[in-house]
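Colleague: My questions all concern the structure below.
The values are calculated or read from the model by the stated rules, or taken from the named source; none is laboratory data. Given the structure is predicted, the values throughout are model-derived calculations rather than measurements. Here the Cβ positions follow ideal geometry from the backbone for every residue, glycine too, while neighbour counts run over all protein chains shown.
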């Protein structure tokens, strides 16, 4: 067994590998760029080596620097995590030449299956059903349009070396195919240093279901069930679960055996994933094979009890699998939500900055948090915007969803935008709860984007009651601090007006030994808690139900977040409410004459000049942020009056790019 390994990655996956290595008694070496000097994985590792500037192309993607770090520290093996060099056959070959073990599959498997074009050819030759498409390399956007027309729209344009949603575009017409080819090619170069893309038929109403495989160097290959990964946005997975609520045992077995056969065809040795598209009739088609550890691997670990990182290390050390196919049992249900640094209310645009407050839910038998950040850490524009992977486990899918909803309520993040309210709303979605999923789920359930969680009546009651409890605590605290009241009860008053979204509700409350007795209309709601103003999360019971509600002070009120709903709540006396109703509303400034940068990012290109006439929907600029390209379009017909930015400029949110006449 290895005595020391180097993790050629960063963030949560580097921390994840370090945890298992530590459990196995193996020392670890972290590598880091300028942007990651104070990163969590650097703090957790036994040693750390600096490898260069912040851009991945100048640090984490440079094989020479990883090999030099191995030689400097005496690391015997490298775990690549996912992304970066994890599916780079040349990197694997270089390590082999230096007699450093690669904790992953062999060069042949990486070369054959890591390349999306070649893997489809191999799968087809092996008799595996594949999605119709053009497997050759496409040289130009014009050729991509021609091929798309021959296949028939809609089509998927994909980077051959792609993964993680990078270098992927769906096109429904010639214009989208042309633009999609250009963007997919640019993202492929930026993320993978490989500009090859291909086109295949986009199957509508599909499910994305993948099979986890595990092989060793002794000829053994098994499958560890499936993961449902259909909840996706921009072709990047957001919610994953194991097992799938759709598959029956017969289909699971057929998919698993096909995945194993494909893995054996390339002498696969390590953990890997065979991804399939599954239609409504349970017909499945090979999509691609990821020759690495998947982001969503924790849900498989939770339902099988198998530590996949430990298995990868054992296999790389030459050990034989101790698990046979008959030993694999799927027990219970696990769900993973990816917590991203993004603003769901602004079309999920990336959000960067400092994590001013960061309090994840407490881990236990039902809650797991894989993260690479901490309070005070920076979310950089140079890397993937993932903050953490929040996983929950239950005996049933319903229990796993329940644990997830509670854990999301407890997840306290301030300083940057995040998608917790969005994934919480997904957990509350009836279609999701019934397991009626497709990769179009988000587009169909949120056709106009996400505008905030739905305030259900049960949520309103909880938020109202908690707002009154928080206000009562605040009144008592102010009375004690003032020094003006001596041995007298605070002046709580008899009636209060609680305002949520401009709707006023008359309420009363009385103190009890453990909390409050809240009166809402004719309903008495008991609130019990030990909450104090220093706690960012209100924990207690409302009408006998355990609740966790995030609490922040807002101007003249409280900002409460619960069950995916984020609301400013005002608690006023009747007279204060009467006066507040007379206050004029603030009118937002008119920005219709400007094209503003919607996110912190780099201007890749501008396609107009001053004096040009533009039409609604016309592409004006391309902004890159966190390795993703975003095309900014004109919202109306206009004439360009002035251009304030140029290609190569770095802009902040709402910086002016173009002014119209």
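Colleague: Going through segment 390-402 one residue at a time, which ones are surrounded by fewer than 23 Cβ atoms within 10 Å (Cβ to Cβ) and either assigned to a helix (DSSP H, G or I) or touching a helix residue (DSSP H, G or I) at 6+ places or on another chain (Cβ under 9 Å) (or both)?
Modeller: Filtering segment 390-402 down to residues surrounded by fewer than 23 Cβ atoms within 10 Å (Cβ to Cβ) leaves 394-399, 401-402.
Scanning segment 390-402 gives 394, 397, 398, 399, 401, 402.
Colleague: Of all residues in segment 86-95, how many are under 20 Å from residue 26 (Cβ atoms) and out of contact with any strand residue (DSSP E or B) (no Cβ under 8 Å at 6 or more places or on another chain)?
Modeller: Qualifying residue count, segment 86-95: 1.
Colleague: Let me ask another. Quick one: how many residues across segment 316-331 are in contact with a strand residue (DSSP E or B) (Cβ under 7 Å, 6 or more places away or on another chain) and over 19 Å from residue 256 (Cβ atoms)?
Modeller: Count: 1.
Colleague: Right, next: Could you check segment 202-225 and list, in sequence order, the residues that are within 10 Å of residue 271 (Cα to Cα) and out of contact with any strand residue (DSSP E or B) (no Cβ under 6 Å at 6 or more places or on another chain)?
Modeller: Listed by number, the list holds a single entry, 216.
Colleague: If you check residue 35 against the conditions, is it over 22 Å from residue 91 (Cα atoms) and either assigned by TED's automatic domain parsing to the domain that holds residue 380 or under 26 Å from the mean Cα position of the chain (by Cα) (or both)?
Modeller: Judged against the criteria, residue 35 is a match.
Colleague: Here is a check on your reading of the model: is residue 342 without any contact (Cβ under 8 Å) to a residue 40 or more places away in the chain and either in contact with a strand residue (DSSP E or B) (Cβ under 9 Å, 6 or more places away or on another chain) or not assigned by TED's automatic domain parsing to the domain that holds residue 391 (or both)?
Modeller: Working: without any contact (Cβ under 8 Å) to a residue 40 or more places away in the chain: no; either in contact with a strand residue (DSSP E or B) (Cβ under 9 Å, 6 or more places away or on another chain) or not assigned by TED's automatic domain parsing to the domain that holds residue 391 (or both): yes.
Here the answer is no, as residue 342 does not meet what is asked.
Colleague: Further, regarding this structure: Considering only residues that are surrounded by fewer than 20 Cβ atoms within 10 Å (Cβ to Cβ) and outside any loop (DSSP other than H, G, I, E, B), which ones fall in segment 347-369?
Modeller: Correct list: 353, 354, 357, 359, 364, 367, 369.
Colleague: Report yes if residue 592 is touching a residue at least 24 places away in the same chain (Cβ under 8 Å), assigned to a loop (DSSP other than H, G, I, E, B), under 30 Å from residue 650 (Cα atoms) and within 33 Å of the chain's Cα centre (by Cα), otherwise no. Spell out how you get there, then give the answer.
Modeller: Working: touching a residue at least 24 places away in the same chain (Cβ under 8 Å): yes; assigned to a loop (DSSP other than H, G, I, E, B): yes; under 30 Å from residue 650 (Cα atoms): yes; within 33 Å of the chain's Cα centre (by Cα): yes.
Taking the combined requirement at face value, the residue satisfies it.
Colleague: May I pose another question? Residue check: is residue 432 modelled with pLDDT of 95 or more and farther than 21 Å from residue 538 by Cβ?
Modeller: Working: modelled with pLDDT of 95 or more: yes; farther than 21 Å from residue 538 by Cβ: yes.
Yes: the conditions hold for residue 432.
Colleague: Do any residues in segment 404-424 that are within 16 Å of residue 552 (Cβ to Cβ) and assigned by TED's automatic domain parsing to the domain that holds residue 342 have Cβ atoms under 7 Å from those of residues that are in a helix (DSSP H, G or I) and at pLDDT below 95, where the two are at least six apart or on different chains, and which pairs are they?
Modeller: Close Cβ pairs satisfying both conditions: 421/344.
A quick yes/no check of all residues on (1) part of a loop (DSSP other than H, G, I, E, B); (2) touching a helix residue (DSSP H, G or I) at 6+ places or on another chain (Cβ under 9 Å); (3) under 30 Å from residue 324 (Cα atoms):
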| site | (1), (2), (3) |
| --- | --- |
| 179 | no, yes, no |
| 182 | no, yes, no |
| 189 | no, no, no |
| 198 | no, yes, no |
| 227 | no, yes, yes |
| 254 | no, no, yes |
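Colleague: Let me ask something else about it. Of the conditions (1) modelled with pLDDT of 85 or more; (2) farther than 29 Å from residue 61 by Cα; (3) in a loop (DSSP other than H, G, I, E, B), residue 139 satisfies every one except a single condition; which number is it?
Modeller: (2)
Colleague: Sticking with this one: Looking only at segment 10-40, which residues are part of a loop (DSSP other than H, G, I, E, B) and over 23 Å from residue 318 (Cβ atoms)?
Modeller: 10, 37, 38, 39 - these are the residues of segment 10-40 that are part of a loop (DSSP other than H, G, I, E, B) and over 23 Å from residue 318 (Cβ atoms).
Colleague: Sticking with this structure for a sec: Find the residue count for segment 61-77, including only residues that are under 18 Å from residue 192 (Cβ atoms) and not in a helix (DSSP H, G or I).
Modeller: 2
Colleague: Can you tell me which residue in segment 518-536 is nearest to the chain's Cα centre (by Cα), limited to those that are under 17 Å from residue 471 (Cβ atoms) and assigned to a strand (DSSP E or B)?
Modeller: 529
Colleague: Would it be correct to say that residue 416 is touching a helix residue (DSSP H, G or I) at 6+ places or on another chain (Cβ under 7 Å) and surrounded by 17 or more Cβ atoms within 10 Å (Cβ to Cβ)?
Modeller: Values: touching a helix residue (DSSP H, G or I) at 6+ places or on another chain (Cβ under 7 Å): no; surrounded by 17 or more Cβ atoms within 10 Å (Cβ to Cβ): yes.
It is false that residue 416 is touching a helix residue (DSSP H, G or I) at 6+ places or on another chain (Cβ under 7 Å) and surrounded by 17 or more Cβ atoms within 10 Å (Cβ to Cβ).
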